[in-house]
1. On the given criteria, is residue B:67 under 23 Å from residue A:109 (Cβ atoms), in contact (Cβ under 8 Å) with a residue 12 or more places away in the chain and facing chain A (nearest Cβ under 7 Å)?
2. Among (1) touching a residue at least 60 places away in the same chain (Cβ under 8 Å); (2) crowded, with 23+ Cβ neighbours inside 10 Å, which single condition is residue B:31 missing?
3. Could you list, in sequence order, all residues of the stretch A:90-99 that are within 7 Å of another protein chain (Cβ to nearest Cβ) and among the aliphatic types (A, V, I, L, M)?
4. Could you check the stretch A:54-70 and list, in sequence order, the residues that are within 7 Å of another protein chain (Cβ to nearest Cβ) and touching a residue at least 24 places away in the same chain (Cβ under 8 Å)?
5. With respect to the numbered conditions (1) at the interface with chain B (Cβ under 7 Å from one of its Cβ atoms); (2) free of Cβ contacts under 8 Å to residues at least 60 places away in the same chain, which one is the sole condition not fulfilled by residue A:32?
6. Select from the stretch A:18-29 the residues that are at the interface with chain B (Cβ under 7 Å from one of its Cβ atoms) and over 15 Å from residue B:39 (Cα atoms) and write down the one among them that is farthest from the chain's Cα centre (by Cα).
7. Restricting attention to the stretch B:77-94, and to residues there that are at the interface with chain A (Cβ under 7 Å from one of its Cβ atoms) and small (Gly, Ala, Ser), which single residue is farthest from residue A:152 (Cα to Cα)?
8. Got a number for residues in the stretch A:35-53 being more than 10 Å from chain B (Cβ to nearest Cβ) and in contact with a Phe, Trp or Tyr (Cβ under 6 Å, 6 or more places away or on another chain)?
Amino acid sequence: MTTEVLWWMFAIAIVAVSAGVVFSRTVIHSAIFLILSLAGVGAMYLFLTVSFIALVQFLIYGGAVTVLILLALMLTRMGVAGKPEPTTGVQAPFGALVALGLMFTLIGVAVSTAWPGDLGGSLPGVTIETIGNEMFNNYGAPFIITAALLLVAFIGAIVIARQEDGD
Amino acid sequence: MVPMENYLVLSGILFSLGVYGVLARRNAVLVLMSVELMLNAVSLNFVAFAAYLDPDKATGIIFAVFVIAVAAAEVGLALAIVIRLFRNRSTANVDEAATMRW
């Protein structure tokens with residue numbers, strides 16, 4: 001019962017701050033809302049008893065990604081700091097239409113489908129041992145490829161963002 | 001206990017908000033932040049499915065790990081491109097960066 005009340009509080013807060021990310025008129029506010037939203041989804045992983053993913057979420061999204069985004073916001077600042085500016089284009093109403101349609105479709109599918117093997121009641125929980133065994137026994141090649149992808153992506157990012165002599 | 005559908009509905013709402021942000025926003029960094037929202041919704045979906053339907057094999061959780069890793073690579077690369085765009089064009093507006101060459 002307490003869990004459910006907490007869950008609903010977190011869910012409503014996540015939807016609210018995510019709406020803040022999308023609708024806020026100052027970019028810095030959007031970034032701060034994004035941090036809160038990512039942290040809230042991390043709390044959702046705790047509700048799902050998957051503490052490993054929650055940890056990864058807090059570390060990588062809450063830490064690294066948001067720092068990168070804040071840095072990029074500072075480097076690409078156009079107007080006066082904190083001054084509201086028009087942040088949506090003429091295409092905004094069509095975007096809203098698409099998003100609303102998609103939302104109702106997704107919710108309809110999620111609610112109306114009978115998911116096979118749904119445990120329904122209490123979750124057995126997924127331990128880090130299970131994740132590690134699965135990861136390194138069955139997904140070793142994707143793991144190595146992802147490592148190479150990360151390396152290549154960050155070298156590429158450095159090369160692209162580097163200040164050249166001619167600039 | 002919260003039923004699984006709750007997580008799916010929450011994830012659907014988050015994903016739709018992200019779609020709206022990607023379609024409507026003009027600042028490239030804000031578009032990227034909306035993409036992060038969408039990726040988060042997807043991993044929440046994966047993890048919810050794994051925790052409720054498949055806790056022994058945890059396939060969805062493995063997927064979520066890869067989604068997070070690829071999202072980190074994507075955000076690093078995309079922000080580098082945004083910074084380069086801003087340096088060359090003095091704008092981070094995706095509507096003004098419509099040509100593929102200069």
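The values are calculated or read from the model by the stated rules, or taken from the named source; none is laboratory data. What you are looking at is a predicted structure, and each value in this text was computed from that prediction instead of being measured. Don't worry about glycine lacking a Cβ; one is built from the backbone with ideal geometry, like all the others, and counts go over all protein chains shown.
1. Numbers: under 23 Å from residue A:109 (Cβ atoms): yes; in contact (Cβ under 8 Å) with a residue 12 or more places away in the chain: yes; facing chain A (nearest Cβ under 7 Å): no.
The answer is no for residue B:67.
2. For residue B:31, the failing item is (2).
3. A:92, A:96, A:98, A:99
4. Within the stretch A:54-70, A:65, A:69 qualify.
5. Result: residue A:32 passes all but (1).
6. The selected residue is A:27.
7. B:92
8. Final tally of qualifying residues: 1.
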